[in-house]
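Everything on this sheet refers to the single structure shown next.
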Amino acid sequence: MPQPTQRSVYDSVSPLEFRYYGVDPDLIALLSPYVTERARLAYELKVEVAAARVLARRGICPPEAAREIEVAAARVTAEEVAAEEARIHHNIRAMVNCLQAKVSDAARPFVHFTLTSFDVIDTAIAARMKDCTQRAVVPKLLDLEATLITLARRERDRPQIGRTHGQHAVPITFGFALAEYVSRLGERIEAIQGAAANLRGKISGAVGAYNASSLLIDDPAAFEEEVLAELGLRPAWHSTQIVAPEHVTDYMHTLTSCFSVLAALADDMRHLQRTEISEVGEAFEASQVGSSTMPHKRNPWNFENVKSLYKAFMPRMVSVYLDQLSEHQRDLTNSATNRFLPETIVGLMNASERLRRIMSRLVVDGEQMRANLELTAGMCLAEPLYILLAAQGHPDAHEAVRRLTLEAERTGRRLWDVAAESDIGPYLDRMTPAQRAVLQDPALYQGIAALRVDAICDHYAERLGLAGR
């Protein structure tokens with residue numbers, strides 16, 4: 001996508017600049033219509049235009065005045081509004097003054113008619129976040145989800161040791177490990193969609209009781225619904241000067257919890273690159289350098305960057321929760337914090353796109369996965385041995401197998417070999433060939449891991465419209 005030929009602070013995320021996050025140009029172009037300071041003004045002007053349209057539809061504002069306001073809104077610049085704000089020290093009134101200056105005397109009375117500042121501010125926040133979610137956030141997350149589905153299906157049958165508490169547990173497949181993130185990310189995408197759809201606006205005046213609009217409009221609540229419908233929004237059931245904050249809180253929570261899923265995936269992938277594990281790796285370019293002093297290094301820096309972004313943005317959710325408190329009907333203690341909300345979107349999208357790129361080129365070392373599976377000489381088969389012994393009627397199967405594992409550890413022999421020479425031999429003889437085969441090869445003890453990969457990937461591909469991608 002083309003980049004703007006000139007950029008200013010108004011094209012940057014409020015109040016910090018895009019380059020702070022190392023965001024690539026294509027992502028900047030995608031997000032700019034929603035998360036920049038210029039976008040904030042554009043959506044506030046959309047609220048003014050929507051109100052004028054409905055006033056005209058109801059016969060309160062001349063149609064030609066509403067058209068004037070719409071044309072003029074497209075000509076208002078962030079720079080002139082900033083200059084006016086510096087003069088009068090009120091951001092919305094500055095925008096209103098600049099808009100009024102571009103219309104006729106006949107149209108001027110209908111700019112910001114019956115509105116209060118936070119009718120405009122809160123409604124604009126909801127509208128641009130909803131649009132950003134539908135047009136940028138969800139499509140980008142779906143790209144990552146599709147990448148994970150493809151990778152999980154590719155690795156569906158590759159044996160890997162399952163781990164709990166950092167210890168070898170019982171075998172799974174690498175595809176099953178990846179399917180965890182297909183499921184978690186897919187569920188978060190649906191949660192983000194739902195929370196965005198539930199963002200609300202307000203056109204209810206200074207204290208939320210429709211005082212001003214009720215002077216001239218018989219059904220001000222219906223007027224509010226009409227204006228918000230122009231922007232694809234619904235009203236909150238109750239508002240003060242501000243929209244009830246829970247709608248934005250819920251939305252920001254879904255973004256932050258989605259960020260947590262990405263950070264967990266990044267953590268898992270970077271730990272699998274440890275020298276002692278070495279099961280996966282980032283694809284390195286021929287000229288890429290891993291360390292300033294150690295030429296042999298292949299650091300998992302992309303995954304670490306995702307984790308670092310999460311650490312920067314996750315704590316901001318605390319401020320969102322704090323913004324649920326507003327003294328009496330309204331105070332201004334969220335006036336700074338709500339300007340930072342779009343930055344979480346930028347951070348999440350940067351992390352998502354980085355993960356998509358790296359996961360699509362993930363290098364998987366199947367031989368090393370098999371070697372790690374065999375690392376404990378079949379000790380991971382203690383569970384099926386215990387279960388099958390119990391099924392054969394052994395009176396104390398768990399304790400018997402525990403003792404066998406101690407003997408295997410002491411002698412360095414495989415658990416099966418130790419078991420076959422012990423007093424549980426008669427129980428082993430009664431097992432089926434398939435059961436005995438499982439006890440001798442960890443790769444065969446996968447449960448239905450591969451089938452779960454199919455079910456999870458098919459489920460989210462269908463629900464999220466990714467079938468065929």
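Derivation of every value follows stated rules applied to the coordinates shown; laboratory data play no part. Predicted model, so just to flag it, every value in this text is computed and none were measured. All Cβ positions, even for glycine, are placed from backbone atoms using ideal geometry, and neighbour counts span all protein chains on display.
In whole percent, what relative contact order does segment 87-218 give with Cα contacts below 8 Å and a gap of six or more residues? It would help to have the intermediate numbers written out before the result.
Details: 116 pairs, mean separation 39.1, N = 132.
Computed over segment 87-218, the figure is 30 percent.
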Local electrostatic count at residue 324 - Lys and Arg +1, Asp and Glu -1, tallied over other residues with Cβ under 11 Å: -3
Provide 256, 337 in ascending order of the number of other Cβ atoms located within 10 Å of each residue's Cβ, fewest first. 337, 256
Multiply the residue separation of residue 455 and residue 264 by 0.36 nm, subtract the distance between their alpha-carbon atoms, and state the gained length in nm to one decimal. 66.6 nm
For segment 27-44, Karplus-derived ³J(HN,Hα) couplings (6.51, -1.76, 1.60; θ = phi - 60°; whole Hz; x for glycine and proline) come out as 5, 4, 4, 5, 8, 3, x, 10, 10, 8, 4, 5, 5, 4, 5, 4, 6, 5
Going by how many other Cβ atoms sit within 10 Å of their own, how do 30, 466, 375, 332 line up, fewest first? 332, 375, 466, 30
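Around residue 450, what is the net charge, scoring Lys/Arg as +1 and Asp/Glu as -1 over all other residues with Cβ under 9 Å from its Cβ?
On the way: positive: 156, 452; negative: 157, 454.
Combined, the nearby Lys, Arg, Asp and Glu give 0.
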Hypothetical label at residue 249: residues of segment 320-364 whose amide nitrogen lies under 13 Å (7 Å Cα-Cβ projection): 320-327
For segment 117-371, with equal point scatterers placed on the C-alpha atoms only and solvent neglected, what are the log10 I(q)/I(0) values from the Debye formula at q = 0.09, 0.13, 0.14, 0.15 1/Å, to two decimals? -0.52, -0.85, -0.93, -1.02
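So what's the net charge close to residue 469: Lys and Arg +1, Asp and Glu -1, counting the other residues with Cβ under 15 Å from its Cβ? If you can, show how the numbers build up before the last one.
Numbers: positive: 140, 153, 154, 356, 463; negative: 143, 145, 458, 462.
Its environment carries a net charge of +1.
How big, on average over all directions, is the shadow cast by the Cα convex hull of segment 330-447, in nm²? Working shown, then result.
On the way: hull surface 58.1 nm².
The number I arrive at for segment 330-447 is 14.5 nm².
If you take the beta carbon distance between residue 237 and residue 89 as r and set R0 to 25 Å, what does 1/(1 + (r/R0)^6) give as a FRET efficiency, to the nearest 0.05?
On the way: r = 33 Å, r/R0 = 1.34.
After rounding to 0.05, the efficiency reads 0.15.
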Could I have the simple spin-label model distance between residue 374 and residue 134, label points 7 Å from Cα toward Cβ, reported in nm to one decimal? 5.6 nm
P(r) of the chain in 20 Å steps, Cα pairs, percent per bin? 21, 40, 24, 12, 3, 0
What percentage of all Cα-Cα pairs in segment 34-78 are separated by more than 15 Å? 43 percent
Need the full-extension length gain, residue 71 to residue 392, defined as separation in residues times 0.36 nm minus the C-alpha distance. One decimal, nm. 107.3 nm
One finds the C-alpha centres of segment 97-167 and segment 43-90 to be spaced, in Å, by 24 Å
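Work out the FRET efficiency for residue 365 and residue 332 from their Cβ-Cβ distance, taking R0 = 60 Å, and round it to the nearest 0.05.
Numbers: r = 56 Å, r/R0 = 0.93.
FRET efficiency, residue 365 to residue 332: 0.60.
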Rank these for me by crowding, 149, 424, 387, going from fewest to most other beta carbons within 10 Å. 387, 424, 149
Find the centroid of the Cα atoms in segment 397-469 and in segment 296-344, then give the distance between the two in whole Å. 44 Å
Can you find, among 56, 86, 45, the residue farthest towards the positive end of the dipole of segment 41-101? Put +1 on the C-beta of Lys and Arg, -1 on that of Asp and Glu. 56
log₁₀ of I(q)/I(0) at q = 0.19 Å⁻¹ - segment 376-444, Debye sum with one point per alpha carbon: -0.64
